[in-house]
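Asker: I'd like to ask you about the structure that follows.
Readers should treat all values here as calculations from the given coordinates under stated rules, not as data from a laboratory. Everything quoted here is computed from the prediction, not taken from an experiment. Every residue, glycine as well, gets a Cβ built from its backbone with ideal geometry; the counts of neighbours run over all protein chains shown.
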Amino acid sequence: MNPFSSETRLRDMIRAIRACKTAAEERAVVRKECASIRAAISDNDNDYRHRNLAKLMFIHMLGYPTHFGQMECLKLIAASGFPEKRIGYLGLMLLLDERQEVLMLVTNSLKQDLNHTNQYIVGLALCALGNISSAEMARDLAPEVERLLQFRDPNVRKKAALCSIRIIKKVPDLAENFVNPVASLLKEKHHGVLLTAIQLCADLCTVSEEALEYFRKKCTEGLVKVLKDAVNSPYAPEYDISGIADPFLQIRLLRILRILGHGDADASELMNDVLAQVATKTESNKNAGNAILYECVETIMSIEDSGGLRVLAINILGRFLSNRDNNIRYVALNMLMKAISVDGQAVQRHRATILECVKDLDASIRKRALELVYLLVNETNVKPLTKELIDYLEVSDQDFKGDLTAKICSIVEKLSPEKLWYIDQMLKVLCEAGNYVKDEVWHGLIVVITNAPNLHGYTVRSLYRAIQTSGDQEAVVRVAVWCIGEYGDLLVNNIGMLDLEEPITVTENDAVDVIEVAIKRHTSDLTTRAMCLTALLKLSSRFPSCSQRIKDIVNQSKGSLLLELQQRSIEFDSIIEKHKNIRSALVERMPVLDEATYSGRRAGSLPAAVSTSQGNPLHIPNGVPKAADAPLLDLLDLSADEPAPQNSSGPNFLQDLLGGDILSSASQSGTTQPQKSGTDALLDLLSTGAPPAQNGSSTVDIFSISQDNNKTSVNALDSLSLPVVTSAQSSSASSIIDLLDGFGPAPTVPKDNGPAYPPLVAFESSSLSIVFNFSKQPGSPQITQIEATFSNKSSDVYTDFIFQAAVPKFLQLHLEPASSNTLPGNGNGSITQKLRVTNNQHGKKSLVMRIRISYKLNNKEILEEGQISNFPRDL
Amino acid sequence: MIRAVIVINDQGKPRLIKFYDYQPVEKQQEIIRNIYAVLCSRAENVSNFVQDSTFGPDTRLVYKTFATLYFIVIFDESENELAILDLMQVFVETLDKCFSNVCELDIVFNFNKVHTILDEIILGGQVVEMSSSEVIKAVDDISRLEKNPNSIVRVQKSISGWQ
């Protein structure tokens, strides 16, 4: 006997585990137990095998591996005693998987036990087989199970019936063998046997069409009679559940009748009477009674139509809806959802009750009711239903508002009878829950607004009123800002008045006030602020008298930490300041947005789930916007004709810039002169890594507001970059050049010539600067041609100019002679020199180079050194 | 079909786990953790049904709390939710009669007896018996047999009366 294992009883082990205060302690106890059980297993200890297996089952429940005990189950099952067999079968069901080969070994023991003289052992074997049988076992043991269906003890018969279900699920071919035995079981009086026989019958019907036909013909009448007896039976105490006679049997009977009656008018006809009896006679004040009614309703809905019954059924559901029990209301809504496709009219009659359920205290009921209401809405009831829902929106729970607004918006979009009503309802929703609507909702609203030219004035005035009362709702602010930008002139002049409107007086300054408040509001996010800037630019042309004030507001964003805003405000300021002649053309009213294109695109991009307005803020750690939905792009490219939006290049470019180059500049700062690294980093950040092609195309996109003006605006902006550069700080000058470079017509990249790389400012001191231009021969990616250009900004001439470079071992460097050794001052000329670098680790490491420049200034030797590690990464 | 019967306490500790489709032990624990997370965050006066996608889109979960324990049944669309609630009631009533005033500790220390009781109520995911007196009779016979393995003959005699 093993000295370790035997001492602790199951009870003691459980106690020890329960006494553990931490998970680590528990693991230690379990480990120790498992070790002693393993030891006992290897000693082939017979006395405590079943105790050890019981322990393993407990350990298994706690989530520890117990595979080493699997063979023990088999040994116990093969033992002769009842306690061993019982634990062995329990372990078999809990620890083993039908896919494991070990299971094959148990088939023989099972066969013996199915033929055992003790019916309890037979019961254990049936239970195990019913739980874990594999297809092979099912085939091998089906004859035994079939025989047991006629066993004298009803407990064995009912278990055999359920075991047969597993068998025919695993091997559907065997179904026909069971049809006749089941037909005779269905005539039994014993409730348990009848219950299981009905379940087996239902499963036979699903796997075999022939069985279904057979049972339909031979057994429908009998089953109807059984149900009739059950409904009218006197009180049977042993099957009573809260005063209802064997509700579970009735439910099973209703279910099998549903299967038999579905799609067959004759069978349905046979059961009409009894269904009506069940529906009217069952008491509905207890859960058990309601369970029967619920099942009955489902059966009535599935069998062939007999009008009267369906109305009865839906009325039962209507009664359920006002039941105090949450569970009953919940299932009623589920069932009504199914019933709506069968008899929509009957469900419509309970609309008022369903609408009440939208206001239920239980969130899952509210959600279901809302979905049901959504299905009930049609052209005739859309107006009153929407009104109800919007009224409820005002008082609903915060966390329900998201769902509710989404559904209301969807209803309004789908069924709105006219645009005026659509706009009114959307404004109401936005005012109530503007922070909960998805982006596509207000995008859609803007599209509708542009398509309703006679309502522009009305809309912009309504929005002006709305923003006064609901300025805290982001979506209201956005739509209002957009509309005021576009239709500001209609706002102040009361143009396009509708009869129902009250005139309001709004001055140009009032309109600008709204936008100023919006842009300064601290909760406004990037999208809103960027929209404000665009609106301001538009208003500067619509309201010439406010031009100076607008310019001041725009200027305040020049120092914004958000790159997008900073850039836009600098650009817009220049437009207001210097380009009055093209401004009015530039900011013309948007062309009407094409609804078809928009809805098509929306359908296409729907799975990508546009983030909700209150969702993740568009910031990454150092405060630069990801600009994923840069609003300017987003809104304006609605008008562009090509369906593929370019804006995806925006975030990539920014991320590249920030992700890639911060790293390289950080590593560089360790090796170069410390005082320079700061500005270097900034320079690198902004001057490298930005592939001009992408930058260019997206900005061009932005300004394609009016397609005709495309050319002029691009040119205008191209020239615009110069004055900005001169006024900017020298250290950041080159950065701005680079960014604005993009405004030029997008450089066409010859595809076959390999990728193009931006020029690199390799070295810059107060007087000397070196710029590298890169090129590659197609077909030899590891070789880079560098053309170095040296220029001298000081007033003196440098003579005996020598440039030297060194590279690490994985690179090979070839220097060609320089074009000259004299570098004239004042930037009047330059020296060029060609370098050829071969990167043996192309794709893994990037270029790095140490340089030394020596020259004579007034015959004095001067030496400058530096390291370049900010080469484009894939050279 | 019933997919699983689970009993956990209000700390999330499993007290009874029975899956009718085999699940590896890690998956079982994950399912239990997920269920516990859902259940302990539910408000009090809400329905007992949870939409559960552990076993596919159509599976549903019914739970009921009894003192410190959550009783949970996961099942597919072929079962009636309200009837499953009654089934849980039968299960708990049976436990109550077998242990005379069942409490969490009874279930912890007699988990294999609880399994035997459950096996008399549900077999292979299907309901065998809804009468708790029938279940108790069967369980009593089994435990008598357990205590006195040689009483097989005597039990057979008592059975003969059923024929």
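Asker: So if I place +1 on the C-beta of Lys and Arg and -1 on the C-beta of Asp and Glu, and nothing else carries charge, what would the dipole magnitude of the range A:492-607 be about its Cα centre? I want it in debye, nearest 20.
Answerer: Taking the Cα centre of the range A:492-607 as origin, the dipole is about 540 debye.
Asker: Let me ask something else about it. Give me the count of lysine pairs in the range A:753-868 whose alpha carbons sit under 21 angstrom apart, restricted to pairs 8 or more positions apart or on different chains.
Answerer: Lysine pairs satisfying the spacing and distance rule in the range A:753-868 number 9.
Asker: Which FRET efficiency value, to the nearest 0.05, do you get for A:Thr523 and A:Asp399 by plugging their Cβ-Cβ distance into 1/(1 + (r/R0)^6) with R0 = 30 Å?
Answerer: Using R0 = 30 Å, I get an efficiency of 0.90.
Asker: Per residue, what volume in Å³ does the Cα convex hull of the range A:245-305 take up?
Answerer: 66
Asker: What is the gain in length, in nm to one decimal, between B:Gln51 and B:Asn34 on full extension, counting 0.36 nm per residue of separation less the C-alpha to C-alpha distance?
Answerer: Working it through step by step, the gained length comes to 4.9 nm.
Asker: Next question. Which residue, chosen from B:Gln51, B:Val108, B:Met88, occupies the Cα position most advanced towards the positive end of the dipole of chain B, where the dipole is computed from +1 (Lys, Arg) and -1 (Asp, Glu) charges on Cβ about the Cα centre?
Answerer: Of the listed residues, the answer is B:Val108.
Asker: Here's something else I'd like to know. Sort the following peptides by mean Cβ neighbour count (other Cβ atoms within 10 Å, averaged over residues), highest first: A:194-207, B:16-29, A:44-57.
Answerer: Per-residue mean Cβ counts within 10 Å order the peptides as A:194-207, A:44-57, B:16-29.
Asker: Determine, from the Cβ-Cβ distance of A:Cys20 and A:Arg147 and an R0 of 41 Å, the FRET efficiency 1/(1 + (r/R0)^6), rounded to the nearest 0.05.
Answerer: Using R0 = 41 Å, I get an efficiency of 0.25.
Asker: Under the Kirkwood approximation for Rh and a Cα-based Rg, what ratio Rg/Rh is obtained for the range A:100-207?
Answerer: Radius of gyration relative to Kirkwood radius: 0.95.
Asker: Nearest 0.05, what FRET efficiency do A:Ser42 and B:Arg42 give at R0 = 60 Å with Cβ-Cβ as r?
Answerer: Calculated value: 0.80.
Asker: Neighbour counts of other C-beta atoms within 10 Å: give me A:Ile365, A:Ile831, A:Ile340 arranged from fewest to most. Intermediate results must be reported in sequence, preceding the final value.
Answerer: Values: A:Ile365 23, A:Ile831 20, A:Ile340 17.
Ranking A:Ile365, A:Ile831, A:Ile340 by Cβ neighbours within 10 Å, fewest first, gives A:Ile340, A:Ile831, A:Ile365.
Asker: Let me ask something additional. Label points 7 Å out from Cα along the Cβ direction at A:Asp173 and A:Asn859: separation in nm?
Answerer: Label at A:Asp173, label at A:Asn859, 11.0 nm between them.
Asker: Cα-Cα over 23 Å: which of A:Lys169/A:Lys228; A:Lys32/A:Lys55; A:Lys159/B:Lys18?
Answerer: In this structure, A:Lys169/A:Lys228 exceed 23 Å between Cα atoms.
Asker: Return a single number: how many Lys pairs in the range A:423-586, at a sequence separation of 8 or more or on separate chains, have alpha-carbon atoms below 16 angstrom apart. Mind showing how you got there, number by number?
Answerer: Numbers: A:Lys428/A:Lys438; A:Lys520/A:Lys551; A:Lys520/A:Lys558; A:Lys538/A:Lys551; A:Lys538/A:Lys578; A:Lys538/A:Lys580; A:Lys551/A:Lys578; A:Lys551/A:Lys580.
Eligible lysine pairs with Cα atoms under 16 Å apart amount to 8.
Asker: Further, regarding this structure: Helix-only estimate, please: 222 nm mean residue ellipticity of chain B, summing -39500 (n - 2.57) across DSSP H runs of length 4 or more and dividing by its residues, to the nearest 500.
Answerer: Roughly -14500 deg cm²/dmol at 222 nm, from the helical runs in chain B.
Asker: Give me the Debye-computed log₁₀ of I(q)/I(0) at q = 0.08, 0.11 Å⁻¹ for the range A:423-586, equal point scatterers on Cα only, no solvent, two decimals.
Answerer: -0.22, -0.42
Asker: Roughly what % of Cα-Cα distances in the range B:2-160 sit above 18 Å, to the whole percent?
Answerer: Distances greater than 18 Å cover 60 percent of the Cα pairs.
Asker: Pull out the extension gain between A:Glu379 and A:Arg852, defined as 0.36 nm times the separation in residues minus the alpha carbon to alpha carbon distance; nm, one decimal. Display every interim value, and only then the final one.
Answerer: Details: separation 473, 0.36 × 473 = 170.28 nm, distance 8.03 nm.
Between A:Glu379 and A:Arg852, full extension yields an extra 162.3 nm.
Asker: Using only Cα atoms, locate the centre of the range A:813-838 and the centre of the range A:84-149, then give the distance between them in Å, rounded to an integer.
Answerer: 89
Asker: Expected output is a single nm value to one decimal: the length gained when fully extending between A:Ala135 and A:Val807, i.e. 0.36 nm times separation in residues minus the C-alpha distance. What is it? Intermediate values should be presented prior to the final figure.
Answerer: Values: separation 672, 0.36 × 672 = 241.92 nm, distance 6.94 nm.
Result: 235.0 nm gained on full extension.
Asker: How are the alpha carbon pair distances in the range A:192-318 distributed across 5 Å bins from zero to the largest one, expressed in percent?
Answerer: Over the range A:192-318, the share of Cα pairs per 5 Å bin runs 2, 11, 23, 24, 20, 13, 6, 1, 0 percent.
Asker: Let me ask another. Can you compute the charge dipole magnitude of the range A:423-586 about its Cα centre, using +1 on each Lys and Arg Cβ and -1 on each Asp and Glu Cβ, nothing else charged? Give it in debye, rounded to the nearest 20. It would help to have the intermediate numbers written out before the result.
Answerer: On the way: 17 positive and 21 negative charges, 108 e Å.
Dipole size: approximately 520 debye.
Asker: What are the aspartates and glutamates whose alpha-carbon lies under 13 Å from the alpha-carbon of A:Lys225, with same-chain residues fewer than 8 places away excluded?
Answerer: A:Glu188, A:Asp273
Asker: On to the next question. Given A:Lys359/B:Lys13; A:Lys75/B:Lys64; A:Lys187/B:Lys113; A:Lys338/A:Lys359, which pairs have Cα atoms separated by over 31 Å? Present the calculation step by step, with values, prior to reporting the outcome.
Answerer: Numbers: A:Lys359/B:Lys13 36 Å; A:Lys75/B:Lys64 38 Å; A:Lys187/B:Lys113 33 Å; A:Lys338/A:Lys359 21 Å.
Cα-Cα > 31 Å for A:Lys359/B:Lys13; A:Lys75/B:Lys64; A:Lys187/B:Lys113; rest within.
Asker: Let me ask something else. What distance in nm lies between label points placed 7 Å from Cα along the C-beta direction at A:Ser306 and A:Leu420?
Answerer: 5.3
Asker: Next up: What is the distance, in nm, between label points placed 7 Å from the Cα along the Cα-to-Cβ direction at A:Thr206 and at A:Ser820?
Answerer: Distance between label points: 9.1 nm.
Asker: Let me have the relative contact order for the range A:779-843, percent, based on Cα pairs under 8 Å that are six or more residues apart.
Answerer: Dividing the mean separation by the residue count of the range A:779-843 yields 49 percent.
Asker: From the phi angles alone, apply the Karplus equation (6.51, -1.76, 1.60; θ = phi - 60°) to the range A:29-43 and give each ³J(HN,Hα) in whole Hz, x where the residue is Gly or Pro.
Answerer: My calculation for the range A:29-43 gives 4, 5, 4, 5, 4, 4, 4, 6, 5, 4, 4, 5, 5, 6, 7 Hz in order.
Asker: Using packing as a proxy for protection, rank B:90-103, B:34-47, A:127-140, A:859-872 so that the peptide with the highest average count of other Cβ atoms within 10 Å comes first.
Answerer: So the order, starting with the most tightly packed, is A:127-140, B:90-103, A:859-872, B:34-47.
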